[in-house]
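Below is one structure, written out as structure tokens, with a few remarks after it.
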Amino acid sequence: MITRFAPSPTGPLHLGHAYSALLAHDAARRTGGTFVLRIEDIDRSRSRPEWEQKIYDDLAWLGVTWDAPPMRQSDRIPSYNSALLTLWKRGLLYPCTCTRRDIAAAASAPQEGGEPAFGPDGLIYPGTCRAKTASNALAPPDGQALRLDMSKALAGLGADHAFSFEEVDLLTGNKAKRIHFTPADMTSTVGDIILSRKDFPASYHLSVVLDDAAQDVSHVIRGKDLFDATMIHVVLQHLLGLKTPRYTHHRLIRDEQGKRLAKRDDSRAISRYRDDGVSPEEIRTMVGL
Ligand code: GLU
């Protein structure tokens with residue numbers, strides 16, 4: 001078993017992160033497996049070296065140890081470019097210049113009919129730039145966002161292509177469930193996702209899929225909030241010829257009001273508890289481990 005924890009260095013780790021990291025770490029330790037870290041710093045405007053250092057400090061304090069030097073996404077640009085080039089050459093990507101506001105306006109235009117539909121990344125892209133694809137360039141343009149032409153990508157896999165992944169419940173040890181979905185689910189609920197950003201040659205979806213494969217991760221353990229993203233990741237694995245790992249989508253740690261903890265929830269920061277004299281064992285109890 002190879003598990004991982006993949007935080008973004010954009011703020012303090014909180015109780016939700018502690019839960020996720022401990023679950024993945026303990027699972028690897030229990031089975032004599034391997035636990036690795038990945039610093040997801042593709043958001044260049046919000047990532048800070050100080051936050052990265054605090055991640056290492058907080059994890060070490062929690063008793064989490066990792067078995068290889070951490071992977072940093074900002075060091076992975078050649079791999080991202082090479083995957084983008086592969087998809088580009090197959091005609092599956094197109095540049096997109098739409099702003100959020102353009103997308104909202106196009107999606108809610110009266111002629112579209114019905115309510116605008118939301119997918120895991122927000123509004124489902126209405127396809128404005130898809131029509132402008134006709135590009136014979138040998139490589140994708142720099143400094144422009146690139147979208148995956150989802151219908152074309154799925155058509156290439158075959159209309160009756162079946163997608164699935166195994167969902168493992170680490171806490172109860174219940175039998176693993178196989179989750180199935182179809183190409184039609186992807187076109188109606190996800191659409192043309194961003195694979196490369198204007199300011200960085202990868203999106204969350206592309207980098208996570210390539211990095212989990214590069215780190216040979218066998219079990220992805222992360223929050224339920226990413227369940228829908230997993231379907232996207234499975235599709236990308238099929239397109240790029242990568243193995244699909246097993247997944248565990250764990251419950252989310254919430255505050256007293258039932259709200260999911262966010263990065264800005266400094267009050268639940270691990271370092272805050274630590275300064276207040278709380279022990280790592282008590283943190284485990286607080287998150288229900
Ligand atoms: N970097 C993401 C986060 O901090 C986690 C991504 C993942 O586990 O796939 O929320």
Quiz item: Based on the Cβ-Cβ distance of Ser279 and Phe227, what FRET efficiency does E = 1/(1 + (r/R0)^6) give at R0 = 45 Å, to the nearest 0.05?
Solution: 0.90
Quiz prompt | Cα-based Lys pair tally, the chain, threshold under 24 Å, eight or more apart or on separate chains | solution = 17
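Can you tell me how segment 35-106 classifies by the Cα gyration tensor, rounded, prolate or oblate, using a/c under 1.5 as the rounded cut?
Working: a/c = 3.45, a/b = 1.77, b/c = 1.95.
The shape class here is oblate.
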Quiz item: With every protein chain present, what is the per residue accessible area of the chain (1.4 Å probe, Å²)?
Solution: 50
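Count the DSSP beta bridges whose two residues both fall in the chain, then state the antiparallel fraction as a percent rounded to the nearest 5. Working shown, then result.
On the way: 15 of 28 bridges.
Counting DSSP beta bridges with both partners in the chain, the antiparallel share is about 55 percent.
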Self-check item: Relative contact order [Cα under 8 Å, 6+ residues apart], the chain, whole percent
Solution: 24
Quiz item: Which residues' amide hydrogens lie under 5 Å from the amide hydrogen of Ala145, considering only partners 5 or more residues apart or on another chain, with H built in the peptide plane?
Solution: Cys96, Lys198
Quiz item: Which of rounded, prolate, oblate describes segment 87-211, given a ≥ b ≥ c as roots of the alpha-carbon gyration tensor eigenvalues and a/c under 1.5 marking rounded, otherwise prolate only if a/b is larger than b/c?
Solution: prolate
Quiz item: Could you give the dipole magnitude of segment 180-289 about its Cα centre, charging the beta-carbon of Lys and Arg +1 and that of Asp and Glu -1, in debye to the nearest 20?
Solution: 80
Exercise. Give me the percent of the accessible area of segment 194-289 that comes from carbon and sulfur atoms, probe 1.4 Å, all protein chains in place.
Key: 47
Quiz item: With the contact rule set at Cα under 8 Å and sequence spacing of 6 or more, what percent relative contact order holds for segment 1-137?
Solution: 21
Practice problem: Considering Cα pairs under 8 angstrom that are at least six residues apart, work out the relative contact order of segment 72-202 and quote it in whole percent. | Solution: 32
Quiz item: Using the Karplus equation 6.51 cos²θ - 1.76 cosθ + 1.60 (θ = phi - 60°), what ³J(HN,Hα) coupling, rounded to whole Hz, does each residue of segment 70-76 give in order, writing x for Gly and Pro?
Solution: x, 8, 10, 5, 5, 8, 10
Quiz item: Using a 1.4 angstrom probe and counting only protein chains, how large is the accessible area of Trp61 in Å², to 10?
Solution: 60
Quiz item: Using a Förster distance of 41 Å, how high is the FRET efficiency between Arg251 and Arg44, based on the Cβ-Cβ distance and rounded to 0.05?
Solution: 0.85
Quiz item: Cysteines of the chain lacking any other cysteine beta carbon under 4.7 Å?
Solution: Cys98
Quiz item: Carbon and sulfur: what percent of segment 1-106's accessible surface (1.4 Å probe)?
Solution: 53
Quiz item: Considering amide H positions built from the backbone, and no H for Pro or chain starts, which residues 5 or more places from Gly119, or on another chain, come under 5 Å of its amide H?
Solution: Ile124
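The values are calculated or read from the model by the stated rules, or taken from the named source; none is laboratory data. This structure is a prediction, so every number in the text was calculated from the model and none was measured. Every residue, glycine as well, gets a Cβ built from its backbone with ideal geometry; the counts of neighbours run over all protein chains shown. In case anyone asks, the SASA skips ligands and DNA or RNA and just uses the protein heavy atoms, side chains included. Shrake-Rupley method; radii C 1.70, N 1.55, O 1.52, S 1.80 Å.
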